[in-house]
1. For the list (1) touching a residue at least 24 places away in the same chain (Cβ under 8 Å); (2) away from the ligand (no atom under 16 Å from the Cβ), I need the number of the one condition that HIS188 fails.
2. Check the stretch 122-133 and report whether any residue there is surrounded by 20 or more Cβ atoms within 10 Å (Cβ to Cβ), under 19 Å from the mean Cα position of the chain (by Cα) and at pLDDT 95 or above.
3. Against the conditions (1) farther than 22 Å from CYS139 by Cα; (2) in contact with a helix residue (DSSP H, G or I) (Cβ under 6 Å, 6 or more places away or on another chain), where does ALA103 fall short? Just the number, please.
4. For the stretch 296-315: of the residues being crowded, with 17+ Cβ neighbours inside 10 Å and more than 6 Å from the ligand (Cβ to nearest atom), which is farthest from GLN198 (Cα to Cα)?
5. Counting just the residues of the stretch 136-179 that are within 16 Å of the ligand (Cβ to nearest atom) and of a type in the set (Phe, Trp, Tyr), which one comes out nearest to SER96 (Cα to Cα)?
6. Taking the stretch 220-232 as the region of interest, how many residues are surrounded by fewer than 23 Cβ atoms within 10 Å (Cβ to Cβ) and more than 11 Å from the ligand (Cβ to nearest atom)?
7. Output the residues belonging to the stretch 88-117 that are within 21 Å of the chain's Cα centre (by Cα) and among the β-branched types (Val, Ile, Thr).
Amino acid sequence: MIVGNDERRPDLRRMDMRYRRLGSSGLQVSELSLGSWLTFGKLITDDTAEALMKLAYDNGINFFDNAEIYSRGESERVMGRILKKMEWPRDTWVVSSKVFFGAGGKLPTQVGLHRKHVMEACHDALDRLQVEHLDLYFCHRPDPNTPIAETVWTMHSLIMQGKVMYWGTSEWSAKEIAEAHAVAEQHHLIGPVMEQPQYNLFHRGKVEKEFAPLYDTVGLGTTIWSPLASGVLSGKHSLEGDASSRLRAAGLDWLRERELTEARLKKVDELKAIAMGLDLPLPVFAIAWCLKNPRVSTVILGASKTTQLEENLKAVVAQDLLTPEVMARVEEVIAGESLTTWS
Ligand code: NDP
């Protein structure tokens, strides 16, 4: 047992949310946020989506993540209906969308980061989410067919029009982000504030290595995705998978093959032993580990059940248990684990 003194142990029943600045911007986002990929409009019912958002909001989560491609626009429609029904004051939550992959159509005019698609996609996202502005708008991937300057000008225009508050990128390289900032600086435009990279115990390269020069120079914030590697870091999976999980869902074989490997399951067992020493469930431990990185602005959670979200919310308080000694033991387990970048 690493933590022997119960008096010093934080009370995990308290689910106090904490907030961090989104990079150098003045916007404060909750340390944990809620995403909708593969869940809203796809693997869960709308009632479950509503229960998840309510649980999240009631526990201080203020950021809900979405994208045009998620369930081909349906995820935004579901979230929009829930936001409308809940009637939470608009100044108490932050909602995002992402542009690049399109909402189903695959014609060259319907995808990418050129001015036409970015403008049209923004208007469509506003309609589906039933909001007057997107708080965060991400370029979901870099677009080799559009000059970065065109995208920067378009995002700046959307901000000037009051349709977007902050814009950012997702899975862009450090070089591409730096180029966007150079264009913005040259023309006195608003540059990207945040990047949405994958970050978890198995994927550390972009956040820990590649982006390192950007945090202090351009003030990059990060809204990190898949903190549990699609559930593998929950510790519930075997190679056969868990029949009720996304890794067994029809059409998601590619995801199972990517995330669920024998080598990873071995690491999961070792990480579970460390988590158990702190009396923490592995998913709480794995999310708390992400929060230990001060360069992370918010950890976007995914959940298919309210019980999962309830458990994961404990990570905010649990991060205080991850002492330098614990972090060093984790490092031994994951040493060499994907400091390369994801593609
Ligand atoms: P995770 O890696 O945390 O995976 C979430 C899934 O893990 C859940 O849906 C659930 O799946 C399982 N799970 C979560 N908590 C528990 C628990 N306590 N016990 C057991 N199983 C658990 O996050 P996501 O991959 O969902 O990513 C989070 C968000 O990040 C997305 O919703 C999206 O908004 C964003 N994202 C962005 C991307 C980008 O390119 N910008 C790419 C991917 C995600 P199940 O019950 O099915 O096993």
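1. (1)
2. Yes, the stretch 122-133 contains at least one residue that is surrounded by 20 or more Cβ atoms within 10 Å (Cβ to Cβ), under 19 Å from the mean Cα position of the chain (by Cα) and at pLDDT 95 or above.
3. (1)
4. Going through the qualifying residues, I end up with LYS314.
5. Top of the filtered list is TYR137.
6. So the answer is 0.
7. THR92, VAL94, VAL95, VAL99
Yes or no, residue by residue, for (1) of a type in the set (D, E, K, R); (2) open to solvent by 10 Å² or more (accessible area, probe 1.4 Å):
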| site | (1), (2) |
| --- | --- |
| PRO197 | no, no |
| HIS203 | no, yes |
| LYS206 | yes, yes |
| PRO213 | no, yes |
| VAL218 | no, yes |
| SER234 | no, yes |
| SER238 | no, yes |
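The values are calculated or read from the model by the stated rules, or taken from the named source; none is laboratory data. Keep in mind that this is a model prediction, so the values were computed, not measured. Because the Cβ atoms are built from the backbone with ideal geometry, glycine has one as well, and the counts that use them run over all protein chains shown. Just so you know, the surface numbers come from the protein's heavy atoms only, side chains and all, with ligands and any DNA or RNA stripped out. Shrake-Rupley method; radii C 1.70, N 1.55, O 1.52, S 1.80 Å.
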